[in-house]
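Written out below as structure tokens is the structure these notes cover.
The values are calculated or read from the model by the stated rules, or taken from the named source; none is laboratory data. Just so it is clear, the structure is predicted and the values come from calculations on it, not from any experiment. Note: ideal-geometry Cβ built from the backbone for every residue, glycine included; neighbour counts use all protein chains shown. Ligands, DNA and RNA are excluded from the accessible area calculation, which covers all protein heavy atoms including side chains. Shrake-Rupley method; radii C 1.70, N 1.55, O 1.52, S 1.80 Å.
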Amino acid sequence: MVLMLAALSVPAQDWARAKLDKSPRHQEWVKVKHGNREVNCFVVYPEVKDEATAIVMIHEIFGLSDWARAMADELAAGGYIVIAPDLLYGSVTNGGTEELIKSGGNVGKAIQALPPAQITADLSACVDYAAKLDACNGKVVVGGFCWGGGQSFRFATNNKEVKAAFVFYGTPPSADDMAKINCPVHGFYAGNDARVTATVPKAADAMKAAGKTYDPRDLRRCRSRLHARR
């Protein structure tokens, strides 16, 4: 939560870039192609000797910012291969999120204008790419933050290959779409929120009715349990 607030209050995000520069993990940019489209993706590898599970990480409404890339590196520190696509890539002149920010464009508006089918195709291509990496054990999950959290939930309704979906503060798809989900969905929500967290009870009922696994959690309680173990 602290990182997310910092992302909102520090547009330049120099601290996040500095953190990335100091990371001991291997980071690289790759172009993932599908059909006539390609997506620029930030990939981080963990420092582990065994093959690892991969996470397709979906950025928030502010695009693939330095904060989002720092989160990808943080997840990789936990032992996962992380591939974070810039879903704006190719939708703006000469690149994606960074170029749009430099030009003074409205990143949030551009992301909201992305066609859902294109988002799904981009993410599916990333799942296929990650699963075939020599360092991957073949297991790929999807996770996202805020806007990306909602997209993570939605993507689980469209892709049967992902082994789990992690929703960090995102709204759910329709009940009919939830019936298409083929993996467990783990949700993490703020304790005091009358918009997103208010959707959890209905989502839980719909997932239960569809016979799906849905595990919503209050981040404050998760933090309290973590402190209690220390």
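When we screen Glu60, Glu51 for residues that are among the charged types (D, E, K, R), under 24 Å from Gly138 (Cβ atoms) and in contact with a strand residue (DSSP E or B) (Cβ under 6 Å, 6 or more places away or on another chain), the only hit is Glu51. For the range 77-85, the criterion of being hydrophobic (A, V, I, L, M, F, W, C), closer than 26 Å to Asn36 by Cβ and at pLDDT 95 or above is satisfied by at least one residue.
Being open to solvent by 10 Å² or more (accessible area, probe 1.4 Å), within 18 Å of the chain's Cα centre (by Cα), at negative phi and of a type in the set (A, V, I, L, M, F, W, C) is true for just one of Phe145, Phe155. Which residue is that?
Working: Phe155 fails: open to solvent by 10 Å² or more (accessible area, probe 1.4 Å).
The conditions single out Phe145.
Do you know which residues across the range 74-121 are closer than 21 Å to Gly149 by Cα, open to solvent by 80 Å² or more (accessible area, probe 1.4 Å) and touching a strand residue (DSSP E or B) at 6+ places or on another chain (Cβ under 8 Å)? Passing the criteria: only Tyr80. For first residues located in the range 56-73 and closer than 12 Å to Ser23 by Cα, partners that are among the hydroxyl-bearing types (Ser, Thr, Tyr) and lie 6+ apart or on another chain with Cβ distances below 7 Å form the pairs Asp73/Ser23. Within the option set Val162, Val167, Val140, being modelled with pLDDT of 95 or more, in a strand (DSSP E or B) and under 23 Å from Ile61 (Cβ atoms) holds for one residue only, Val167.
Being at pLDDT 95 or above and over 12 Å from Ile55 (Cα atoms) is the requirement here; does Thr157 meet it? Steps first, answer last, please.
Numbers: at pLDDT 95 or above: yes; over 12 Å from Ile55 (Cα atoms): yes.
Spelling it out, Thr157 is indeed at pLDDT 95 or above and over 12 Å from Ile55 (Cα atoms).
The set of residues in the range 203-219 that are within 13 Å of Phe166 (Cβ to Cβ) and either part of a loop (DSSP other than H, G, I, E, B) or open to solvent by less than 60 Å² (accessible area, probe 1.4 Å) (or both) comprises Thr213, Tyr214, Asp215, Pro216, Leu219. With respect to Ser9, is the statement that it is small (Gly, Ala, Ser) and at pLDDT below 95 true? It is true that Ser9 is small (Gly, Ala, Ser) and at pLDDT below 95.
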